[in-house]
Amino acid sequence: MIVENTQRAGRGTRKLIGLAGFISAVILGGSPAFAGDGAEQVLGPPYWPTYTVSTGSEPSALYYDGSEIVVETFDRWKLICGSNPLGASDADLKTWADHHYQAIAAGPVRVIDDAPGSRGLNLVFVADGTVPSAAVTALGVAEAYLESLFADPITVTITVTFQGMPGGVIGATSPAYVSNVTFTNTRNGLINDMDSDDVIQSWLPTTSYCPVRYNGGTDVVTNESLVDITKANYRACVGTTTGNAAAMTYNTNFIFDYDPSNGIPPDAMSFIDVVCHETGHALGFVSGADNFTGVNFTCMDLFRFQRTDGCCNYNPDSYQNFQAGSRLVSNNLPDDQHISDLIVVEYRMADGNPEQASHFRHQSPRIGLMAPYFSQGETHYPDYFYASDKAMFDAFGWNYPPCTVPLFTQQPPVSQSACPGTTVEMTVVMNIQNVSFQWRIGQTDLLDDGTHITGATTATLRLLNAVPADSSAYYNCRVTNVDDGCVNTSDYSSLTIYPITGFTGQPVDKTVLEYENSDFHVVAAGGAPFTYRWRRNGVNVNNGGGVFGATTANLLIGGTQAHQAGWYDCFITDACGGSATSNAAHLVVNTGVGAGRADLNCDGLVDFDDINPFVMALSAGEAEYYVQYPNCHFYNADANSDGNVNFDDINPFVDCLSAGGCP
C-alpha cells in the first residue's frame, strides 16, 4: 500500500474517467434513461452540469467544545435527480439559480413551518408565489414526515420555487455546503452527537486525518484531513451555521402528483417522493466520488469502503478494521465494488458510473429511497425512507430513531461573575420530568466532591467556595430523556470568578528632570469596580498643583518638582471587599543644577567640598542654605530622592561622595 500525505490527491483525472465510462456505456448500447424517456428513470448519470455560488465565510461555534472557528460556505447547484442532463447546461443552471434567488428575495413567500413538537428537527420550507397550492400542501406533508424521523433540535430551511424549464428536466437543486472542515472537528462532532443507540462513530480514526483512496484502480492512500459537509449535516452534529440549508426549483412543465395516498398516475412523478429524496441529499447523503459536484471527501464518505478485500483488507470486518481501514472515494473504480459499511450492516453503493455515487446501488429489491432509480407512477408512501436510508442518516450525524427530545424551558445564565469564596449556582428547567442531568465544562463531566462541587447530576449545579480556576465560558448541561435515551445539551454558560485582589500591572521607577512630567500606572485584578488611592512615601497624594488622577489607575504629575520625588504606591479595594497595595515605584527628580544630587556647592563635582554645604542644608534648612549658596539647589541634598532633606540622606550622601556622584 502506498500512502500519500497530500490532500485531495489524484482528483484531477476522475471526471475524465467517469465521463469516458459514460460515453463507453452509450457506445456499447447501455444508454441510461432519464425523466420522460420511459417508465424507469435514472437519477444519476456520470456527468451533470453544475453551478457553484460562494456564500462567503461565517463564524461557527463547535458543539463539542464551544470554540469558535470561521468556515467557508457555498451552494452547489445541480439538476434534480432523474432529470436528463442533455437538456441543460451550466449556463442554464446559473439562469435558473439566479431566478430562484431573485424570486425568493422579491417575495412574497409562504413559510411552511408546522410545529415540530418534541421530536427535535424543525424543517421549514419557504415557497414563493409560483409554487402551486397543491405543492404547498405536499410540502407540508413532507415536512411533517421528515420532522418525525430525527431528534436533532435544529432548524433546516429549504427555499422552493417553480419556473419553466425544458422537457425532461424535473428541476434544479442546491444543497448548501460548509467546506474544508477539519477531520478532527468532524469526528469530534459526530462523537459528541452520539445518542444511546450509536456505536460506530466512536470508532472513527483517532488521527487528525482519515485514510482515503481517491483512485480505486491503485492502492495509493491519501491521508485526508478535510471534509466537505452539507450545511444541514454540519448543523446537526458539528457546529452552528446560518442561512438556508438548500434550494429547490421545480419545472412548471413537468407532471407531478401531489398526493401519493391515492396512487400516482403512470405519467406523473410523486412530488413528495422527490422532495424527500432531494432533502435527503441536503441532509448529507452525498459523496465526493461524484466528481462533477465539486465536493471532495464528505461526512457520508467516512463510511464508504471497497466491497472486496483486495490487497489490504479493504472491506472492514470489525470496528477495529473500520477505524484503521482506508475509505474508497473513487469514481467507478473498482467497478461496482463500493459499499457503505456500518459493521453491523453494509449497503452496496452506486460507484458514479452510470449512476451518481451519492446513492445506493441500483438493484432489485430496492435498497432505499436514496437509490438512483425512480419510476413515474411510483411512490414509497407513507414511510418514504427505508431502514437503510435511516441507518445511514443515523451514522453520519442525524439522531434516529426518533425520540422525545428534552427541551429547555430555562437555560443556564448566559454569563455571570462572582467573587472568590462565594457560592455559584446554574439551573436548567426541562419540559419533561423523567430526565437525567450531567453538568460539564465543554465535554468534560463534572463530578460531585461534596466540598466544592455539588449537584453535578441534578438540575442545579453549585460551586461552593468558588475560586478563579472555576472560570470557564463552556459550562453546559447534557440532559437525557430516561424513557428513550434522547439527549439535548443546554446553551453554554460563561462563568467568571474574579481573581484575588491584586495587580497584573505594577508601577515602575521613573527618573525625570525637574519640571518634566512624570506618571505611574497600575492594572488592578479582582472584582470590578475598583477604588484607587495613590500614596507618596505612605501618605495619600491629592489632586491639585499639577497632580491628576490621584484616585484612578493613572497618576500624572505635571511639571514635577524636586520635592515631589519619593516612593509612590497605589492602594486599591474591589467590589468583593478585597484590598491590595502595589509595589512602590521610586520617582527620582534630578534638579539639573550643578551635578545634581550631592553637588551642594554646584561646582559640577561631587567631592569633599560638598560636605559643609550638605551639613548646612541638613541643619540650617532651605532658607539659610540659599543665603550661602544662592545659585545652587537645596534639593541636591536629597541624596535618597525621597522628596525630603533629612538625616535619612546622610548615608546616601556618603555613598554618592564615595562614588563621585549619585546613581
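Equivalent-ellipsoid semi-axes for the chain (Cα gyration tensor, √(5λ), whole Å, largest first): 76, 28, 24. With Cα atoms as the point set, the stretch 299-423 shows a radius of gyration and Dmax of 20.9, 72 Å. Peptides 170-183, 77-90, 504-517 ranked from most to least packed give 170-183, 77-90, 504-517, packing being the mean of other C-beta atoms within 10 angstrom over each peptide's residues. Could you tell me what percent of the DSSP beta bridges with both partners in the chain are antiparallel, to the nearest 5? Given both bridge residues lie in the chain, the antiparallel proportion sits at roughly 75 percent.
A Stokes-Einstein calculation at 4 °C with viscosity 1.567 mPa s, built on the Kirkwood radius of the stretch 527-663 over Cα pairs, returns a diffusion coefficient of 80 µm²/s.
On the basis of the beta-carbon distance and an R0 of 30 Å, residue 519 and residue 622 show a calculated FRET efficiency of 0.65. For residue 93, neighbours were defined as the other residues whose beta-carbon sits under 14 Å from its Cβ, and their charges (Lys and Arg +1, Asp and Glu -1) total -1. Over all pairs of different C-alpha atoms, the stretch 371-458 has a mean inverse distance whose reciprocal, the Kirkwood radius, equals 17.8 Å. Quick check for you: which residues of the stretch 481-525 have the amide N under 15 Å from the point 7 Å beyond the Cα of residue 581 toward its beta carbon? Correct set: 502-503, 507. Think of a 1.4 Å ball rolled over the protein heavy atoms: the stretch 186-341 then has 27 Å² of accessible area per residue.
Using 0.36 nm per residue and subtracting the Cα-Cα separation, the extra length available between residue 611 and residue 255 on full extension is 116.7 nm. Contact order, relative form, for the stretch 580-663: 30 percent (alpha carbon pairs under 8 Å, 6 or more residues apart, mean separation divided by residue count). Note down the net charge around residue 114, summing +1 for each Lys or Arg and -1 for each Asp or Glu among other residues with Cβ under 9 Å from its Cβ. Net charge in that neighbourhood comes out at -3. The modelled label-to-label distance between residue 242 and residue 345, using points 7 Å beyond Cα along the C-beta direction, is 3.9 nm.
Axis of helix 90-106 versus longest Cα principal axis of the chain: the two differ by about 60°, to the nearest ten degrees. Size of the stretch 171-240: Rg and Dmax of its alpha carbons, in Å, are 14.0, 41. Across the chain, C-alpha contacts under 8 Å between residues 6 or more apart give a mean separation that, scaled by the residue count, equals a relative contact order of 11 percent. By accessible area, using a 1.4 Å probe on protein heavy atoms only, the stretch 392-439 has 50% of its surface on carbon and sulfur. All alpha carbon pair distances within the stretch 64-146 were sorted into 10 Å bins beginning at 0; the resulting P(r) in whole percents reads 14, 29, 37, 18, 3. Among the protein heavy atoms of the stretch 459-610, carbon and sulfur supply 53% of the accessible surface, probe 1.4 Å, non-protein parts ignored.
The values are calculated or read from the model by the stated rules, or taken from the named source; none is laboratory data. Note that the structure is a prediction, hence the values are computed from the model and not measured. In this analysis, Cβ positions are derived from the backbone assuming ideal geometry, glycine residues included, and neighbour counts consider all displayed protein chains. To get the accessible areas, we keep the full protein, side chains included, count just its heavy atoms, and leave off ligands, DNA and RNA. Shrake-Rupley method; radii C 1.70, N 1.55, O 1.52, S 1.80 Å.
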